[in-house]
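Let me begin by presenting the structure, written as structure tokens, before commenting on it.
The values are calculated or read from the model by the stated rules, or taken from the named source; none is laboratory data. This is a predicted model, so every value here is computed, not measured. Here the Cβ positions follow ideal geometry from the backbone for every residue, glycine too, while neighbour counts run over all protein chains shown. Calculation scope for accessible area: heavy atoms of the full protein, side chains included, ligands and nucleic acids excluded. Shrake-Rupley method; radii C 1.70, N 1.55, O 1.52, S 1.80 Å.
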Amino acid sequence: PVYTCSSMEGGVEYLENSADLMYACEQEIIEMLETSLNADVGKIGVIVVDPSASFQMLQIVDKIVSRKHLRSSLLMKEGPLVVAPIIDSSETWRTHFVDGFRELYETSPADTASLVFNSTESSIQIAIFFTGDEYFITHMNEFVAGVEEDIGLRGEIRFIGGGHFDWQGNHWKPSQFFSAGAYDQTGPFQQWKSQQPTGHQSVMQLMTKKSELSKEGVKSLLESTLTTLGIETTTSEFTSLGDGSAIVAVWSGGNVIVLYDGRSNVSINLFTYEQDPEFAKKFSNNFKKLENSLDVVLYDEMPRGYGRVVNWSNDIGARDVPHWALHLVEQVE
């Protein structure tokens, strides 16, 4: 077992020489492990974190196993089984320590799981990391069921995380290939024909670097932007909405709603009948130009219309039959 270094007992995080003490403890643990492990003993295949282990000790162990050369010399090549019982649910750093192994052994299967077992009086959480088990989820379910049956605790799998998928390379060939005709495209084709895009909607969120703007300033920004873009209209302002305001402008080519939260957030909902994405960009750029403390933190745009519209008019074009529905037309003919 690896015990807490005597110099670390009682905690050292608030001491002036804490870094030196932790480094000395790290070297002490490395030397002890390298001396203990030999050809007869082999390398470490299981790591069990005692509930009494301190945060600083896990920091040191994490630093040791994060070094590739030490990990290679101390731990089994395929990776260790890591188990950490957690009695105090506020000590989330124990879970983070276990899950960190998933970053060290990236290639799947390399999995972590968080299990919780409850009785009528208490509960315990167990964090687990394991590599090389292609049926990890199945085995976790069997483990929980076994604990419930043998001990009587109520178990729950709270989280399971896996490593990166193996890259199979360009040599991999599919055993079977499915074309679009292998799927029922009747519904999507009906939607494709029924959709009628009639407008363009853009949703923007801007935030200021200043402490806050003002209701009058936001209204002036909107009116100046509309004038710059050659839109003649009047604005209606609503100020009985908490600390901020809502400003609405309507013209023959569309409408815009500007919502100001009274602090640093300005949301713009712009609709135009002309499906021109450049217009929306000009709109937001004018806002930023007039108030250079504003930054666009969210920008989304979508077609509007009827018939379950999801495409722009220029995407649909002349309503030619899309390649994925050609087999439906051929069937009818």
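Applying the set (1) assigned to a helix (DSSP H, G or I); (2) closer than 24 Å to Asp261 by Cβ to Met204 leaves exactly one unmet item: (1). Scanning region 150-177 for residues that are hydrophobic (A, V, I, L, M, F, W, C) and in a loop (DSSP other than H, G, I, E, B), which turns out farthest from the chain's Cα centre (by Cα)? Within region 150-177, the match that is farthest from the chain's Cα centre (by Cα) is Ile151. Just so you know, in region 288-332 the residues that are free of Cβ contacts under 8 Å to residues at least 40 places away in the same chain and small (Gly, Ala, Ser) include one that is least open to solvent (accessible area, probe 1.4 Å), and it is Gly317. Of the listed requirements (1) touching a Leu at 6+ places or on another chain (Cβ under 6 Å); (2) part of a helix (DSSP H, G or I), Ile126 misses just one: (2). If we scan region 104-114, do we find a residue that is surrounded by 11 or more Cβ atoms within 10 Å (Cβ to Cβ), among the hydrophobic types (A, V, I, L, M, F, W, C) and in a helix (DSSP H, G or I)? Yes: one or more hits. Of the residues screened, Thr235 is not one that is open to solvent by 50 Å² or more (accessible area, probe 1.4 Å), free of Cβ contacts under 8 Å to residues at least 40 places away in the same chain and touching a helix residue (DSSP H, G or I) at 6+ places or on another chain (Cβ under 9 Å).
Flag: His164 matches the condition of being closer than 26 Å to Glu106 by Cβ, modelled with pLDDT under 80 and out of contact with any Cys (no Cβ under 6 Å at 6 or more places or on another chain). If Leu206 satisfies every condition in (1) in contact with a Ser or Thr (Cβ under 8 Å, 6 or more places away or on another chain); (2) open to solvent by 40 Å² or more (accessible area, probe 1.4 Å); (3) modelled with pLDDT of 90 or more but one, which is the exception? The failed condition is (2). State which residue is least open to solvent (accessible area, probe 1.4 Å) when the search covers only region 267-287 and only residues that are more than 28 Å from the chain's Cα centre (by Cα) and among the hydroxyl-bearing types (Ser, Thr, Tyr). Among those that are more than 28 Å from the chain's Cα centre (by Cα) and among the hydroxyl-bearing types (Ser, Thr, Tyr), it is Thr272.
Listed residues Val65, Val98; which is touching a residue at least 40 places away in the same chain (Cβ under 8 Å) and either open to solvent by less than 70 Å² (accessible area, probe 1.4 Å) or over 27 Å from Phe159 (Cβ atoms) (or both)?
Val98
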